[in-house]
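The values are calculated or read from the model by the stated rules, or taken from the named source; none is laboratory data. All of these numbers come straight from a predicted model, not from anything done at the bench. With ideal geometry, Cβ positions are generated from the backbone for all residues, glycine too; neighbour counts draw on all protein chains shown.
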Amino acid sequence: MLRYILQRILLIPVLLFFFSVMVFALIQAPPGDYLTSYIATLASSGSSLDKAEIAALERQFGLDQPVHIQYFRWAQNLLRGNLGLSLEYQRPNGELISERLGLTLVLALAAFVFTWIVAVPLGIYSATHRNTLMDYLTTVLNYIGVATPNFMLALILMWWAYSQFDVSITGLFSREFEQAPWSFAKVVDLAKHIWLPMIVIGIAGTARLTRVMRANLLDELNKPYMIAGRARGLSEWQLIMKYPVRMAINPLASTIGWYLPELFSGSLIVATVMNLQNIGPLLLRSLINQDMYLAGGILMIYCLLAIIGTLLSDILLAWLDPRIRMEKA
Amino acid sequence: MSIQSESSALEPEGIGGSTLPKPPIGEDLFIASQEEERISIASNWTLVWWRFRKNKLAVVSTFVLLFLALVVLIPGFFATHDPEQTDARLAFIPIQEIHWIDEGGLKPWVPGVVGKRDPVTLKMVWTTDESQKIHVRFLAPGFEYSVLGLVDTNIHLIGAVDPERADLVYLLGTDRLGRDQWSRLAFATRISMTIGMISVILSVVLGLVLGGISGYFGGWPDMFIQRLIELLQSLPTIPIWLALTAALPRTWSPEKVFFAITIILALRGWTTLAREVRGKFLSLREEDFVLAADLAGCSRSRIILVHMIPTFTSHIIATSTLAIPVMIVTETSLSFLGLGMRPPAISWGVMLQEAQNIQTLALAPWLLIPGLVVILAVLAFNLVGDGLRDAADPYSH
């Protein structure tokens, strides 16, 4: 078990290296570089730089160096936690990102918990009450849930709330708490607002997971051990909960590996539509304004989150399923 | 897993929808073997078809997809206006519902629209007026368009009977710039659907080649391709796609952007299929018929193309059908955020950009219709894909 986890952890730096090369290539891709945008920003605000200052800045950013040297500089700074300065906000990128990172995590985890709390019982109910009205209803809702892009759902809900009740359901905080420092009251306010984005982000995953759970459980319900259990006089509830459900949940756990990373990055579009202050809208803005070092920093954070999500699910799976644990050890 | 497909597939009496009369005792065996005979001589594709058509939802969805395909081929036939024609005075005209009955007979008409200037904002506000009737008919003449670049015609699916009033028919209302939504939707369908399909075709080609190499040859190419797949699959997709599309030069023509997006989508899309193909190759490699072909002196490419790939074509089709909606939703999301297709190109996502503002949406909820079309298309692809997947392996249960 320990060796298996260690192996996965040792892989992280390798993955991070490849990702950082990719991200660096991406932030270099648009025409022009950081400095030209910087000079343009300065010019638009009325001040300008003379040639000597530009040359000094070029040296400072290493723009006179070949590309691979530039990459190593950038990577070195990343490792030191220095993500550069944002053009648009004129503040360190690290600060901008860490302000919003907490909300990104909270939102994704809330959606994750919602998914599991709803999907597993619904899947069990659907499978044990096969071909009843509720089962059909669940199946239909699942298909629609999977087919609806989450930003579309957000738009429909926002429109409905606005036109019916004249309330705007955007944002994660009431106005008075938006800029306030963290306090107990602010946390309560967050809890009041987070449930809707949580549902919107989690609904597609819930629909998919319910389907998987139902299908897995249906496969198990026909096994001979069920008859054996009934013959021994186990109550139906005990029988189902004790054996087939545990078997059916196992493959479900392996979906965490892609589901958790998907929640981190999938919330991006919903966050933009619903004006949620996580790192998604920040990335979008930085890409549109070509604030490339900020974009690069956020992309690296997303990569890291994806890696951590996969690692967590690997560990969870190994812990749940002795077959994996033994095989890899 | 869909509602119908759970009933186990090959109960003999269900095949082909033919119900056999209950045979007298003693003839059971004979009838059963006759049925078995029918199944055993049927080709793989016949079996797949028998099983697929039992899934009613999948069959209905197939028709939905065929209709969408028709729109893709000749959007001009469905359009009633030039999709780019703008007139700010005609902004936010509401949906005109088609009424079928008039003067006691089948005589379809749509209500006319009346504009009033809002005394405060001085904006035109349009409402439908049932007392004005604009009669419409099918196959009405309108603007010129070409069918697949072959024939020019001016016949449209629907249009005003009186050509003078043709400009007053806005079936799904108009947007902020007074563009006709119904017509734009037809052209958006063309772009969004083709983006989905082309990127899936690219993914299939890449997946087949790389998955095939990986599974058939093994060794270091396998090692390399598997690591590449793992790397690509652990990427955070949406942020990376956003960054990639943001890096496309603003000066590119819509056609160039179109192909760039299909390539970007395919870059990750091939990995799922490559894994599946590799698994198939790994298991098929050990089969007797492959050994037989090898001993009979078939070349490697012949073994792969003639003997191995046909055994899992149905799986590839099912998997690619299920991949199309993912591509469509991604393109829609990217365009919606302003980083995918850009105006003047029209796609479902580009149309939905108009629906980003909640105040506008409250005023003109019909701007959400392109989103409903996305849901419909994705639903249809998923149902057909599920049906195909269940039918793809006709010998399994």
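Observations on the model:
- One residue stands out among those in the stretch B:41-61 that are out of contact with any Ser or Thr (no Cβ under 8 Å at 6 or more places or on another chain) and not in a helix (DSSP H, G or I): the one that is surrounded by the most Cβ atoms within 10 Å (Cβ to Cβ), which is B:42.
- Residues that are at pLDDT 85 or above and surrounded by 20 or more Cβ atoms within 10 Å (Cβ to Cβ) number at least 1 in the following helices (runs of 4 or more DSSP H) confined to the stretch A:199-296: A:236-242, A:244-253, A:256-274, A:279-288.
- Restricting attention to the stretch B:296-313 and to residues that are in contact (Cβ under 8 Å) with a residue 24 or more places away in the chain and within 18 Å of residue B:271 (Cα to Cα), the residue that is nearest to the chain's Cα centre (by Cα) turns out to be B:312.
- Scanning the stretch B:185-222 for residues that are more than 30 Å from residue B:290 (Cα to Cα) and charged (D, E, K, R) yields a single hit, B:190.
- Within the stretch B:364-391, restricting attention to residues that are farther than 21 Å from residue A:139 by Cα and surrounded by fewer than 24 Cβ atoms within 10 Å (Cβ to Cβ), the residue that is nearest to the other protein chains (Cβ to nearest Cβ) is B:371.
- Scanning the stretch B:364-397 for residues being within 23 Å of residue B:242 (Cβ to Cβ) and assigned to a loop (DSSP other than H, G, I, E, B) gives a total of 0.
- Residue check for residue B:274: of a type outside the set (Asp, Glu) and either loosely packed, with under 14 Cβ neighbours inside 10 Å or closer than 30 Å to residue B:187 by Cα (or both): no
- The stretch A:275-298, residues that are more than 10 Å from chain B (Cβ to nearest Cβ) and aliphatic (A, V, I, L, M): A:276, A:282, A:294
- Subset tally (residues that are buried (at least 18 other Cβ atoms within 10 Å of the Cβ) and either charged (D, E, K, R) or away from chain A (no Cβ under 14 Å) (or both)) for the stretch B:223-237: 1
- Scan of the stretch B:238-257 for residues that are facing chain A (nearest Cβ under 7 Å) and assigned to a loop (DSSP other than H, G, I, E, B), ordered by number: B:247, B:249
- Being modelled with pLDDT of 85 or more, under 26 Å from the mean Cα position of the chain (by Cα) and not hydroxyl-bearing (Ser, Thr, Tyr) is a condition met by at least one residue of the stretch B:276-288.
- Scanning the stretch B:254-270 for residues that are closer than 19 Å to residue A:303 by Cβ and crowded, with 21+ Cβ neighbours inside 10 Å yields one hit, B:264.
Rundown of residues vs (1) free of Cβ contacts under 8 Å to residues at least 60 places away in the same chain; (2) surrounded by 21 or more Cβ atoms within 10 Å (Cβ to Cβ); (3) among the hydrophobic types (A, V, I, L, M, F, W, C), yes/no style:
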residue: B:177; (1), (2), (3): no, no, yes
residue: B:182; (1), (2), (3): no, yes, yes
residue: B:239; (1), (2), (3): yes, yes, no
residue: B:252; (1), (2), (3): yes, no, yes
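- Only one of the numbered conditions (1) in contact with a helix residue (DSSP H, G or I) (Cβ under 9 Å, 6 or more places away or on another chain); (2) more than 20 Å from residue B:179 (Cβ to Cβ); (3) of a type in the set (D, E, K, R) is violated by residue B:82, and that is (2).
- In the condition set (1) farther than 25 Å from residue A:257 by Cα; (2) surrounded by 19 or more Cβ atoms within 10 Å (Cβ to Cβ), residue A:122 is compliant with all but (1).
- Of the residues making up the stretch B:62-82, those that are over 21 Å from residue B:379 (Cα atoms) and either under 11 Å from the mean Cα position of the chain (by Cα) or surrounded by 17 or more Cβ atoms within 10 Å (Cβ to Cβ) (or both) number 8.
- Qualifying residue in the stretch A:157-175 (condition: part of a helix (DSSP H, G or I), within 14 Å of chain B (Cβ to nearest Cβ) and touching a residue at least 40 places away in the same chain (Cβ under 8 Å)): yes
- Members of the stretch A:73-94 that are out of contact with any Gly (no Cβ under 9 Å at 6 or more places or on another chain) and over 20 Å from residue B:239 (Cβ atoms): A:76, A:79, A:80, A:85, A:90, A:91
- Members of the stretch B:107-131 that are under 17 Å from residue B:159 (Cβ atoms) and free of Cβ contacts under 8 Å to residues at least 60 places away in the same chain: B:107, B:108, B:109, B:111, B:112, B:113
Let's see how each residue does on (1) within 12 Å of chain B (Cβ to nearest Cβ); (2) on the phi < 0 side of the Ramachandran plot; (3) over 16 Å from the mean Cα position of the chain (by Cα):
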position	(1), (2), (3)
A:300	yes, yes, no
A:306	yes, yes, no
A:309	yes, yes, no
A:312	no, yes, no
A:321	no, yes, yes
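Rundown of residues vs (1) at pLDDT below 90; (2) more than 15 Å from residue A:273 (Cα to Cα), yes/no style:
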{"site": "B:341", "(1), (2)": "yes, yes"}
{"site": "B:353", "(1), (2)": "yes, no"}
{"site": "B:360", "(1), (2)": "yes, no"}
{"site": "B:364", "(1), (2)": "yes, yes"}
{"site": "B:367", "(1), (2)": "yes, yes"}
{"site": "B:373", "(1), (2)": "no, yes"}
{"site": "B:381", "(1), (2)": "no, yes"}
{"site": "B:394", "(1), (2)": "yes, yes"}
{"site": "B:397", "(1), (2)": "yes, yes"}
